[in-house]
1. Any chance you could count how many residues in the range 10-32 are farther than 17 Å from residue 60 by Cα and either without any contact (Cβ under 8 Å) to a residue 24 or more places away in the chain or of a type in the set (D, E, K, R) (or both)?
2. One residue is enough: does the range 21-38 have a residue meeting the conditions surrounded by 11 or more Cβ atoms within 10 Å (Cβ to Cβ), modelled with pLDDT under 70 and polar (S, T, N, Q)?
3. Any idea which of 82, 65, 90, 86 is on the phi < 0 side of the Ramachandran plot, modelled with pLDDT of 70 or more and surrounded by 10 or more Cβ atoms within 10 Å (Cβ to Cβ)?
4. Please work out which residue is farthest from residue 69 (Cα to Cα), limiting yourself to the range 93-110 and to residues that are within 31 Å of the chain's Cα centre (by Cα) and surrounded by 10 or more Cβ atoms within 10 Å (Cβ to Cβ).
Amino acid sequence: MIEGEQQRALDRANDLCGLNITLEILPLTSNFDVNLFYKDLVVAAMGEDYAEQALGTSAQQIEDLLMRVCRFSHKKRSQGRLLLYLGPKLAIGIGVYSMLRRRPMPKRLWLEKKTNLPVKSSVHNFNAVSV
């Protein structure tokens, strides 16, 4: 049973690599052994040369992950513009940006227990009147 799940995970990692999604292992504890299964997973999906980079130190990876999340989650939209007129034909404009913004909670995504795939809901209406 475990080999089947491992093969399914390897196939899923290869599929994600084909979609240009990078796979990195982020160990949260210092005694985490990546050689059990996860190193094979990264090598199979990303290649041998990428494996050392993907299996780096956990502190550096957490820092990189936080930088990526912050970079992609905040769209920079101008709150206003200030114009400074230095002369009759010379003006300098400055955009004002808000760096702190309340983020909405992401929508819930229901996942199937066995396959971890999103669940599609459907509603079937029927007439319950007996004949």
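The values are calculated or read from the model by the stated rules, or taken from the named source; none is laboratory data. Owing to the predicted nature of the structure, the values given are computational and were not obtained by experimental measurement. Cβ sites come from the backbone with ideal geometry, for glycine too, and all protein chains shown count toward neighbours.
1. Qualifying residue count for the region: 7.
2. no
3. 65
4. 95
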